[in-house]
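Working notes, beginning with the structure itself.
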Amino acid sequence: MGYRRLGVTSSHRRAMFRSMVTSLLQEERITTTETRASEIKQLTEKMITLGKKGDLHARRQALSFLTDDGVTHKLFEELAERYADQPGGYTRTIKAGYRKGDGAPLVILELT
């Protein structure tokens with residue numbers, strides 16, 4: 001299997017990932033569980049790569065995934081310049097303990 005199901009339906013999972021990737025690109029740091037972070041990391045790397053391409057097709061692909069036009073603008077203007085010379089590895093995860101309710105391992109996912 002190429003992805004984790006995370007115990008939710010496919011539409012819920014897609015909406016959750018779209019929202020979390022948008023939040024990560026907007027705030028540049030989010031706290032989430034390890035498993036969600038590893039899935040979000042892949043999608044965020046793809047979005048930043050689209051931002052580095054900078055053409056119209058890449059912009060439309062990013063707009064179809066991200067939920068905020070302002071974040072798309074930030075992706076293509078600020079983040080693309082920041083990572084222009086970097087071939088990959090735009091995010092880092094830092095362990096942040098365990099969630100109080102269910103003991104799930106938490107991480108801080110941030111842009112480098």
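Applying the criterion of being crowded, with 17+ Cβ neighbours inside 10 Å and in contact with a Leu (Cβ under 9 Å, 6 or more places away or on another chain) to the residues of region 81-110, the residue that is nearest to Arg36 (Cα to Cα) is Leu109.
Pairs linking a residue in region 8-24 that is in contact (Cβ under 8 Å) with a residue 12 or more places away in the chain to a residue that is among the hydroxyl-bearing types (Ser, Thr, Tyr) and in a helix (DSSP H, G or I), with Cβ atoms under 8 Å and 6 or more positions apart or on different chains, are Val21/Thr44; Leu24/Thr44. Across region 27-47, what is the number of residues that are more than 19 Å from Arg4 (Cα to Cα) and touching a residue at least 12 places away in the same chain (Cβ under 8 Å)? The qualifying residues number 4.
Consider region 28-54 and keep the residues that are within 16 Å of Leu75 (Cβ to Cβ) and more than 11 Å from the chain's Cα centre (by Cα). The one that is surrounded by the most Cβ atoms within 10 Å (Cβ to Cβ) is Gly51. Can you tell me which residue within region 96-110, out of those that are outside any loop (DSSP other than H, G, I, E, B) and touching a residue at least 24 places away in the same chain (Cβ under 8 Å), is nearest to Glu28 (Cα to Cα)? Result: Glu110.
Considering region 1-27, the residues that are within 13 Å of the chain's Cα centre (by Cα) and of a type in the set (Ser, Thr, Tyr) include one that is farthest from Thr112 (Cα to Cα), namely Ser19. Taking the criterion of being of a type outside the set (S, T, N, Q), under 18 Å from Lys41 (Cα atoms) and either over 17 Å from the mean Cα position of the chain (by Cα) or in a loop (DSSP other than H, G, I, E, B) (or both), the residues of region 82-93 that qualify are Tyr83, Pro87, Gly88, Gly89, Tyr90. Here Leu50, Leu24, Leu79, Leu75 are screened, and the one residue that is of a type outside the set (Lys, Arg), in a helix (DSSP H, G or I), touching a Gly at 6+ places or on another chain (Cβ under 7 Å) and within 25 Å of Arg4 (Cβ to Cβ) is Leu75.
Read-outs throughout are calculated quantities, based only on the coordinates presented, and are distinct from any laboratory measurement. These numbers were taken from a predicted model, which means no experiment stands behind them. So basically every Cβ, Gly included, is an ideal-geometry build from the backbone, and we count neighbours across all protein chains shown.
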